[in-house]
Protein chains: 6
Amino acid sequence: MSHLIDEFQAYRSKMNEKILSADNKVMKRIYSVDTLAYQEGALNVKTKEMLGLVSSMVLRCDDCVKYHLEKCHEQGTSTEEIFEVFSIANLVGGTIVIPHTRRAVEYWEALQLK
Amino acid sequence: MSHLIDEFQAYRSKMNEKILSADNKVMKRIYSVDTLAYQEGALNVKTKEMLGLVSSMVLRCDDCVKYHLEKCHEQGTSTEEIFEVFSIANLVGGTIVIPHTRRAVEYWEALQLK
Amino acid sequence: MSHLIDEFQAYRSKMNEKILSADNKVMKRIYSVDTLAYQEGALNVKTKEMLGLVSSMVLRCDDCVKYHLEKCHEQGTSTEEIFEVFSIANLVGGTIVIPHTRRAVEYWEALQLK
Amino acid sequence: MSHLIDEFQAYRSKMNEKILSADNKVMKRIYSVDTLAYQEGALNVKTKEMLGLVSSMVLRCDDCVKYHLEKCHEQGTSTEEIFEVFSIANLVGGTIVIPHTRRAVEYWEALQLK
Amino acid sequence: MSHLIDEFQAYRSKMNEKILSADNKVMKRIYSVDTLAYQEGALNVKTKEMLGLVSSMVLRCDDCVKYHLEKCHEQGTSTEEIFEVFSIANLVGGTIVIPHTRRAVEYWEALQLK
Amino acid sequence: MSHLIDEFQAYRSKMNEKILSADNKVMKRIYSVDTLAYQEGALNVKTKEMLGLVSSMVLRCDDCVKYHLEKCHEQGTSTEEIFEVFSIANLVGGTIVIPHTRRAVEYWEALQLK
């Protein structure tokens, strides 16, 4: 299961490096705003990561979902809380979110076992 | 400004009644799951409403945004917190979310003045 | 209420003429394929118009919804059938389809009264 | 080819069970509304499954497309009818639907050979 | 017709100011990256604005379309070129882009008459 | 790396043939309009392919992105230009475009090495 996590993280790191090394200013700034946006503010990091997770689910981006699941896991989000995020995503985004929820549950399980 | 709120709420109520009176079981159940999903659970109501708000923004549904802004307002969400939700929506969803943010800011202001 | 229909149809006709008079071959062909696609085939016109309607709803295009509601009305689709199309759209597409359903119900009512 | 079907169905069943066993009420209700929505009503099951199929295609959800292709196959939908559904999806949703149509055709073929 | 332009620009300016005055760092940076992205680079400004236009059309954001039409107009883009952008948007994004094309044509005409 | 390209092209060709051999008039016409749209006109082929690329990215269709990367490569588009297209896609479409950019960079590299 951790194989699922390792593969995803290795590919993501390798390609992010290539994107940043291309020396396109706009891409670099988008990456830096991305870091800034999830920092502690009026809302705490855990809440912000759940906001990132639910957005990724309704927009149906599996890799974004995986990334935010990792971050939610780091923040100590419980499985019950994660399923409440999933439930809002499936309600607002509709049943087309179900296949992404299946893959999200698989990844969440892998994170627990790590 | 409160005119903006009153008009939206009146139309929403009137049409929701028509939808429910059509006696379609599936539509009725979707409405009832919608109520269930935002109730206190492992996550509190305020967090869930912010999850609903950010989902509505990245999916660019102005009326859904208005609805969740009302609920966030009822839950005592601060303007600073709301802008952090907006910022994640604009980051994840891109600059096409900006026009919806403009209308969201206008509605949020109307809610403050009410 | 028929004012709702008349205004929509007048604007649509006027602007379609402008688009076609611009003499862009690709746009013209897209319009002609559009006509072709909804003609009687292995599936009848009524079924095809319901397919067009549900697609327009999940993609949340109010003007497309109005257009297909007109066509469904011409094909003698009942209100009960229309609500079953709405229910699948709201299920598959999620609660963000609700505001579009409100406007669709309003337009469908206008078509009945015409 | 039937390998394509078996793998998809096994993963879907396994993960659906996990989702339902998580005991989140909202997720459970969404699954039960999903069953309800495609039952015989004013529209027959075959028509409803085609509505589910076209919605899944324009929203570009490969797994949802596979699921509805299975259901359409069970309902005796002909290849000619299926292609008319595909054609409306590609027209309304644009050429970005083409790659999903390729995978849909592959899955449809697998279902014929089963 | 210029009334269409004036109203849009006035609302956009007013609300952009409110968003920026909220003093949310992430929102401010997104606005500044937005300015950076359309500056002369390996691609010229005119090409970049057409890229912004076609993206806005396939994502069906009327206000974004208006904004990029203004910029394309400033860059001396011809009506024939604009219609080629429209044609790719309608092909890739499908017939749900048509209603947005109608409004885009209206706004483009207003810009010519200004 | 060229393995990535060969596999994609083989599958695409095989399935396109199946789609066209199904003898559905609407599908055939969509394919022929698709060819027409990217031909030299008021805009040159290279610009049109970049328009197709950016549209595919914001709509997050990996296979469409690959196809237009091939065409951009044939037209002599530089890596710097391609990254400016990527940057507009990530700005307009948001950070959910990042995972698709990773795969696009990988494919673009494969095309360079071919």
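The values are calculated or read from the model by the stated rules, or taken from the named source; none is laboratory data. Please read these numbers as outputs of a predicted model, since none were measured by experiment. All Cβ positions, even for glycine, are placed from backbone atoms using ideal geometry, and neighbour counts span all protein chains on display. These area figures cover heavy atoms from the full protein model, side chains too; ligands, DNA and RNA do not enter into them. Shrake-Rupley method; radii C 1.70, N 1.55, O 1.52, S 1.80 Å.
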Inset, instruction - With no solvent and one equal point scatterer per Cα, compute the Debye intensity ratio I(q)/I(0) for the protein assembly as shown at 0.07, 0.09 Å⁻¹ and report its log10, rounded to two decimals. - result: -0.42, -0.74
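Rounded to the nearest 0.05, what FRET efficiency do residue C:21 and residue E:10 have when you use their Cβ-Cβ distance and R0 = 41 Å? Intermediate results must be reported in sequence, preceding the final value.
Details: r = 31 Å, r/R0 = 0.76.
For R0 = 41 Å, the calculated efficiency reads 0.85.
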Legend entry - Copy-to-copy label separations for residue B:18, where each label sits 7 Å from Cα toward Cβ, in nm and ascending: 2.9, 2.9, 4.4, 4.5, 5.3
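Rounded to the nearest percent, how much of the accessible area of the stretch E:2-113 (1.4 Å probe, protein heavy atoms only) is carbon and sulfur? Spell out each step's value before the answer.
On the way: 1850 of 4030 Å².
Carbon and sulfur atoms account for 46 percent of the accessible area of the stretch E:2-113.
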Legend entry - Square roots of 5 times each gyration tensor eigenvalue, C-alpha, chain A, largest first, Å: 24, 17, 15
Legend entry - Across the identical copies, how the residue A:112 labels are spaced - nm, sorted shortest first, 7 Å along Cα→Cβ: 4.3, 4.3, 4.3, 4.9, 6.3
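Restrict the search to the stretch C:25-76; then list the trypsin sites (Lys or Arg not before Pro) that DSSP places in a loop and that have at most 11 other Cβ atoms within 10 Å of their Cβ.
Numbers: sites: C:25, C:28, C:29, C:46, C:48, C:60, C:66, C:71; in loops: C:60.
Answer by residue number: there is no such site.
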Legend entry - Solvent exposure of the protein assembly as shown as accessible area per residue, Å², 1.4 Å probe: 37 Å²
Legend entry - Protein-protein interface of the stretch E:90-111, residues with accessible area decrease of at least 30 Å², isolated chain reference, 1.4 Å probe: E:90, E:91, E:92, E:95, E:96, E:98, E:99, E:102, E:103, E:105, E:106, E:109
Legend entry - Accessible area buried between chains D and F, both sides summed, probe 1.4 Å, in Å² to nearest 100: 1600 Å²
Inset, instruction - For each cysteine in chain D, check whether another cysteine's C-beta sits under 4.7 Å from its C-beta; list those where none does. - result: D:72
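Rounded to the nearest 0.05, what FRET efficiency is calculated for residue D:112 and residue C:31 with R0 set to 41 Å and r the Cβ-Cβ distance?
On the way: r = 34 Å, r/R0 = 0.84.
Result of the calculation: an efficiency of 0.75.
Would you calculate a helix-derived [θ] at 222 nm for the protein assembly as shown, using -39,500 (n - 2.57) for each DSSP H run of n ≥ 4 and dividing by the full residue count, to the nearest 500?
Mean residue ellipticity, 222 nm, calculated: -26000 deg cm²/dmol.
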Inset, instruction - Report, in debye and to the nearest 20, how large the dipole of the stretch C:2-113 comes out about its Cα centre when Lys and Arg carry +1 and Asp and Glu carry -1 on their Cβ. - result: 480 debye
Inset, instruction - Measure up C:25/C:46; B:48/E:28; D:114/F:14; B:14/C:71; A:28/A:71 against 23 Å on the Cα-Cα distance and list the ones that go over. - result: C:25/C:46; B:48/E:28; B:14/C:71
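Give, as a single signed number, the net charge of other residues whose beta carbon lies under 15 Å from the beta carbon of residue E:36, with Lys and Arg counted +1 and Asp and Glu -1.
+2
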Inset, instruction - Kindly provide the GluC sites (Glu not before Pro) of the stretch D:19-104 that DSSP labels as loop, not H, G, I, E or B, and whose Cβ sees at most 12 other Cβ atoms within 10 Å. - result: D:40
Inset, instruction - With a 1.4 Å probe and every protein chain left in place, tell me how much accessible area residue D:34 has, in Å² to the nearest 10. - result: 40 Å²
